[in-house]
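The values are calculated or read from the model by the stated rules, or taken from the named source; none is laboratory data. All values derive from a computational prediction rather than experimental measurement. Note that we place each Cβ from the backbone using ideal geometry, even for glycine, and neighbour counts take in every protein chain shown. Calculation scope for accessible area: heavy atoms of the full protein, side chains included, ligands and nucleic acids excluded. Shrake-Rupley method; radii C 1.70, N 1.55, O 1.52, S 1.80 Å.
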Amino acid sequence: VLFRSSRVVGDLDYASQTLNFGLTGWDGPKTTLRAGGSVPIDLALHAVEQRSVGGQMDVDIVADSLDAAIALSVVPTLEDVLGVVSAEIHLGGTTADPAPSGTVMLRDGAWSLDAIGVRHTGVNGSLGLNADRSVDVSLSTTGTGSSNVTGTIVLEPFINPTIDLRFDFERFRAVGRPDIEGWITGAFDLTGRYDRPLAQGTLTVDQGTIYVDELQRVAGVVDLSDPFLFEGGIAVDTTALVARPALAGLRNPFFDNLRVNVDLIVPSDTWLRSTKTNVEMSGELIVGFDRPAGDFVLVGELQALRGSHLVLNRT
């Protein structure tokens with residue numbers, strides 16, 4: 001269900017390939033949504049080559065404490081969305097090439113990302129829609145460490161915008177899956193087109209844990225205590241790890257074509273743990289990821305600082 005309201009009243013009329021409409025929604029006694037205007041569109045009952053026709057849209061949308069789950073329903077990767085959205089938006093341009101303007105505000109937001117096992121809370125932010133089709137983005141979270149997203153998105157073309165965003169983190173919980181969890185500090189830039197994005201930057205792992213038993217269970221990684229591991233010709237097949245990527249459940253042009261080039265610094269307090277292993281690691285890695293090419297590369301060195309490992313019943 002994308003829309004919940006205690007009462008909705010609306011009217012529309014259609015003539016000469018123009019739809020005129022008005023809509024008002026309430027949540028109890030409070031008006032949460034008003035929308036109305038005219039849209040040039042072909043609503044013929046027979047098949048047509050395209051529904052979009054020439055002519056300018058003129059639509060106004062005003063939201064006051066609208067359920068954020070409604071406003072963010074267009075982002076299917078976000079689940080269990082909470083918060084309220086207020087907005088004043090005007091839609092001009094054509095149905096094929098809209099030109100929005102106005103402001104959208106999110107307060108006390110929260111959502112879950114099952115693919116990486118985290119829930120972001122304390123989300124507040126704004127989108128400023130400009131006449132030149134640029135969108136000024138400002139978004140922050142405080143519930144799982146702090147993060148800030150700032151920058152612009154240019155809706156040209158509308159269905160494949162240009163992205164120029166900066167992500168800053170301070171002890172932010174980046175992942176919380178059964179096989180890996182971690183908190184990070186640092187920043188990266190997200191640039192490129194929506195259908196070919198690139199993330200570049202430097203991140204420090206403040207705290208992290210890799211659970212080897214869980215990796216073995218889901219990816220078939222060889223047992224680190226197996227004596228044959230240390231004999232000639234035996235190696236760990238790291239492609240098994242790529243078979244279950246963090247983005248496996250996310251399917252859209254953005255995630256399907258995502259590229260990553262990040263310097264990952266691991267100073268301490270990052271652990272490799274299993275029923276037989278408890279080792280703290282430190283080092284630096286260059287993380288390269290090109291999803292459409294199926295290419296995942298780690299370059300660098302991790303050292304064992306301290307810990308224990310059980311081999312043949314001896315620690």
Accessible area per residue in Å² at 1.4 Å probe, computed on the chain: 55
Mean residue ellipticity at 222 nm from the helices of the chain, using -39,500 (n - 2.57) per DSSP H segment of n ≥ 4 over the full residue count, to the nearest 500 deg cm²/dmol? -1000 deg cm²/dmol
Treating only the Cβ atoms of Lys and Arg (+1) and Asp and Glu (-1) as charged, compute the dipole magnitude of the chain about its Cα centre; round to the nearest 20 debye. 540
Can you give the Rg to Rh ratio for the chain, taking only C-alpha atoms and Rh from Kirkwood? 1.08
Tell me, what does the Kirkwood hydrodynamic radius of region 1-93 come to in angstroms if you use every pair of distinct C-alpha atoms? 14.9
Rank Ile89, Gly22, Pro76 by how far each Cα sits towards the positive end of the charge dipole of region 1-89 (+1 on Lys, Arg Cβ; -1 on Asp, Glu Cβ) and give me just the farthest. Gly22
Selection from Gly117, Phe169, Val262, by position along the positive dipole direction of the chain (Cβ): Gly117
Around Thr185 (Cβ within 10 Å, Cβ-to-Cβ, excluding Thr185; K/R +1, D/E -1) the net charge comes to -2
Expressed as a rounded percentage, what relative contact order does the chain have, with Cα pairs under 8 Å and six or more residues apart? 8
How many angstrom lie between the C-alpha centres of region 264-315 and region 131-177? 29
Charges at C-beta only: +1 for Lys and Arg, -1 for Asp and Glu. How large is the resulting dipole of region 11-64 about its Cα centre, in Debye rounded to 20? 80
So Asn124 and Thr162, fully extended at 0.36 nm per residue minus their Cα-Cα distance, gain in nm 11.4 nm
Within the accessible area of the chain (1.4 Å probe), percent carbon and sulfur: 56
Kirkwood hydrodynamic radius (C-alpha pairs) into Stokes-Einstein, region 96-183, 37 °C and 0.692 mPa s, D in µm²/s: 228
